[in-house]
Structures are given as structure tokens and as C-alpha cells.
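Some notes on the structure that comes next.
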Amino acid sequence: MKGKEFMLDIHVIREEPERIEKALRTKNISVDVNKILALDQQFRELSKETDDLKHLRNTVTQAINDKKKKGIDAREDILKMRDVGSRIKENDQQLLLIQQTLKEQLISLPNTPHESVPVGKNEKDNVEVRRWGSPQKFTFNPKNHLELGESLNLFDFHRAAKISGSGFPLYTGKGAKLERSLINFMLDLHTQEHGYTEILPPFLVNSNSSTGTGQLPKMADDMYYLDQDDLWLIPTAEVPVTNIHRDEILNRENLPIKYTAYSGCFRREAGSYGKDTRGFQRLHQFNKVEMVQFCHPDESYTILDSLVNNAEMVLQKLILPYRVVELCTADLSFAAAKCYDLELWAPGEEKWLEVSSCSNFGDFQARRSNIRFKDEQGKNRFVHTLNGSGVATPRLLIAILENYQNEDGSVTIPEILRPYTGFDILRQDS
RNA sequence: GGAGGAUUAGGCUAAUUGGUAAGUCAGCGGUCUUGAAAACCGCCGCCCUCUGGGCUUGGGGGUUCGAGUCCCUCAUCCUCCGCCA
């Protein structure tokens, strides 16, 4: 049995079952660790017994070989081994069954929160870390992004619904150009100033990839699935980009490896109908620039801070007011050990909108995906993985339209974007 | 979609035509050295209840006392053909 199937280290569960149970409880997950330990125990006992049988077979089989070479009759040994062979086969089948059950249990266990994460019961216990910029004071009643976008002909949700259904964006004219400009601006920022290598990944991935980053098995209902080809539409570039190095041993000198990638993102949003669905707030398809890093275990929490800063720079260069929120234990995603969200202020909607989520996964994803490096002693160890949005465009577009709107209904383009858009203001008649 | 070839550990490469994976390079540790190189020794895929065992030749199955080797099946890559943006 190989260790790579496990996400939480079975050794850690063996040694500190209470700590794991307690840590998962802060994530609002109740797990019966004893059930897992019992399976593990059962597996190891039967495994030992079978290994002994195999040892017997190996030695006797070698003896048969020697006898045959010397011309001695070995029929008795062969007959004996026939029985041993069938017992081994039975045991192996039983072992496989136990192993599968154990694997199902382990693969469904979420990551444990880092000790520094504030313990909380729900999203209300998230902690605001800092704010940047100050919301504009309007001398008029600010419009929301839908009113602005429709009057400026930037997008068309009615026709999008005709083509695809609700929750799919259709950008038109300067709206489409603005969207493309945002993507290019962010990619240029991360590659030129933050040292990331640009990636343009596949948008469809197989089940192994989805399991590696932790989307499967828990999030299966939230992803689009193509039954005919057994492929999943990616909910984020995190999935294909992290899986670039699945089953690889990375060179220690190359760490940290930093990738940034644009991708379309596809989410079924099952169960979230009705809330926050207006306009660009929640979509089945959207664009996002993602940052992914692979690093030495000792560095991951330092790198998390810089990752958050990289994402913040997008918002600062666009001069948009935002706040940084640290998620409490209960609000952490399945695979995350620690996570910060960036939220933009939207004066038209009058609320904070999440545009980025920056997480450290520790060795959780690396363990599932078997991504390792050789450490200073030449031993293979799992890397740590991190990723963060840098950033998602729909809510960024909302914030730009609503923060940069003028009294006459026009919208000024943030200065940093103008080289990309080629225009500096959006007017009704242009 | 069809035909043929290929897949051995981090890389590269062997294995009596069925007899239980041999080497090499890189890397890590050690001896030696003022230091380095060279040389030599050990480690260098995974698991276990670790002075010892077991597993591992792309994945899964079969035949056999015994499979890298024979059979079936799937995956990936290469070449050719067909179709097509």
C-alpha cells in the first residue's frame, strides 16, 4: 500500500487521534476517528499475516528452483504452494476491500486548520485584519452596476439567458474590451512585478486532478461534469495548475515555484439560488486570474502573506477600497489550513464583495497529488501548496463601475487600465 | 476512429526466451583532506508491529510453485492512415 492516497497523514491520526478530532470539530466536521483507527488496525494485522505467507512462498519457490536445477523432484513443494497461493489471493482481495473503505474515509476528511486560525462557529466569526483606501463620498445617489452596465451597453444578461441560461455573462463592445483589459493587466502585474510564470491551462480536467486539489469527492455537485468523456469543467485554474506537478519530485533549488494563470471558471452553484444572484455577483461562468505556489514546508506561512500582498496590489493599483478578512475555522474550505479573503466595497450594492481567497493548504494537496521534493538529507518530502485569486473579474467589474461612476451616468476608467482599454471613459453615446 | 511501435526507480539503461530487477549518472551522508577534487563505503520508490520482512518493471486482471518476460484489458506517448477546426 502506498501512502500517496492519503490526505491527512495516517501516522498522525494514529498518534494523535484526539487532536485531529478536535481540530476537525472546529471546522464543524464531526468524525469518528476510532472507526478509521479500527480499519487501520485490521489492515495492518491481516497485512502482516499475508506478508508472512508471501515470505514463505518466496523461500519455497526459490527452493523449487534450486531443486529443479539439480534434477531433484519438487512436486511436494509445488503442491504445498498451490494452497498457500490461493490463501494469499484470498487475503489480498480482503486487504483490497479494507484498503478501499479506509481510503474512502480518509479522502473525505478535510484538512485541519493551522493553530493560528481563529476558532469560530460561522462566517460571522471571521476577523477583519485591515482596510485599505476610503470609500468615495458621492454627491449623488450612486447607481448599481446593472443600471450602469445596461445603460452603457457593456453586457447583456437577457440575451445571455437566451443563449445559455441565467448566470452566464455576455460582454459586449467596450464591456468585452474592459474585461479583456482587466485580465491582461493582472497577468502583466503578476508576471512582471511579482515573479510568476504565466500558464494557460486546460479548462477540462480528469477525476484524478479534481481529487488531487480536493474538489472531489466533496464538491462533485458543484462542478459541471461531462459524462461521455469523464471530464470536469474547472471551477478554478487552481485545479489544472496545481496538477501540473502531480506525481513529480521537484528540485529543491527551484522552490518556490510560482505560476499565474487566466482561466474561465465554471460552477454549478448548487443550492445557492436566490441569494446574491443579481448581475455579476454570482455566476456559473466567470473569468479569473489565479496564483499558485509550490514551496518548502518551512516557508509556506511567510509565502501566504506575500501571496495576499500580490492580490492586494491588483486592487491598490486600481485604487479600489477593500478589506482583508481572515477566515475562522468554520469558514475554511475543505482543503485549506489557513485563508484570507479580500473584499471590495461596492457603493451601489452597498456591501463588501469577495474578489479573492488566498489559502495555504500545507501538505494536504501535495499528499493527495503526490508532489514531493528532496530535502537537505536527500529524503523525499511533500511540498506545501498555496493559491490565491489575483483576482476574479465579475465582482472586480462591479466595484470599478460603482466606485468610478460619475453623476451623468458615465464611468471613468482607472488610470492603470487605460493603456489596455485604449479609452479613458465610458459614456452612453460612445 | 483504424494500423503499428513504445512505457523498468529522479534521468539513462540491462535482465538464460518463465527462475524472483543488474548497472550507471545525478543527489544525500560518511571516510580521507587545511579546504576541495579524486578514490572508497553507505543511502538513494513505498509499507509494516523494522537486528527482520513485504510490495514495486505505466494501471488493472489472468495462466503458473514462480511473470519485467506469456495471455486479456485500459491509459499515455510516437509514427502512418482517415476525419476535422
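The values are calculated or read from the model by the stated rules, or taken from the named source; none is laboratory data. From a predicted model like this one, the values you see are computed outputs, not experimental measurements. Because the Cβ atoms are built from the backbone with ideal geometry, glycine has one as well, and the counts that use them run over all protein chains shown. Note: accessible area is taken over every heavy atom of the protein model, side chains too, but ligands, DNA and RNA are not part of it. Shrake-Rupley method; radii C 1.70, N 1.55, O 1.52, S 1.80 Å.
A few notes on this one:
- Label-point gap, in nm, between residue A:124 and residue A:93 - each point 7 angstrom along Cα→Cβ: 5.6 nm
- Shape class of region A:123-426 from the Cα gyration tensor (axes a ≥ b ≥ c, square roots of the eigenvalues): prolate, since a/c reaches 1.5 or more and a/b is larger than b/c.
- Sequentially through region A:222-231, phi angles give Karplus couplings (6.51, -1.76, 1.60; θ = phi - 60°) of 8, 10, 7, 10, 9, 4, 4, 10, 6, 10 Hz, Gly and Pro residues having no value and appearing as x.
- Accessible area of region A:100-156 belonging to carbon and sulfur atoms, whole % at 1.4 Å probe: 46 percent
- The label-point distance for residue A:159 and residue A:59, in a model that sets each label 7 Å from Cα toward Cβ, rounds to 8.1 nm.
- Adding -39500 (n - 2.57) for every DSSP H run of four residues or longer, then dividing by how many residues chain A holds, sets the calculated 222 nm ellipticity at -12500 deg cm²/dmol.
- Segment residue A:416-residue A:253, extension gain: residue separation times 0.36 nm, minus the distance between their alpha carbons: 55.2 nm
- If R0 is 30 Å, the Cβ-Cβ spacing of residue A:309 and residue A:12 corresponds to a FRET efficiency of close to 0.45.
- The heavy atoms of residue A:177 offer some 70 square angstrom of accessible surface to a 1.4 angstrom probe.
- Region A:3-107 shape via C-alpha gyration tensor axes, a/c threshold 1.5: prolate
- Highest average first, the peptides A:229-237, A:416-424 ordered by how many other beta carbon atoms sit within 10 Å of their residues are A:229-237, A:416-424.
- Residue pairs, from the table A:48/A:89; A:338/A:379; A:143/A:317, whose Cα atoms sit over 20 Å apart: A:338/A:379; A:143/A:317
- Ranking A:251, A:197, A:232 by how far each Cα lies toward the positive end of the dipole of region A:190-263 (charges on Cβ) leaves A:251 at the top.
- Cβ-defined net charge surrounding residue A:117, 12 Å radius [Lys, Arg +1; Asp, Glu -1]: -2
- Between helix A:75-107 and chain A: long-axis angle, C-alpha atoms, 0 to 90°, nearest 10: 20 degrees
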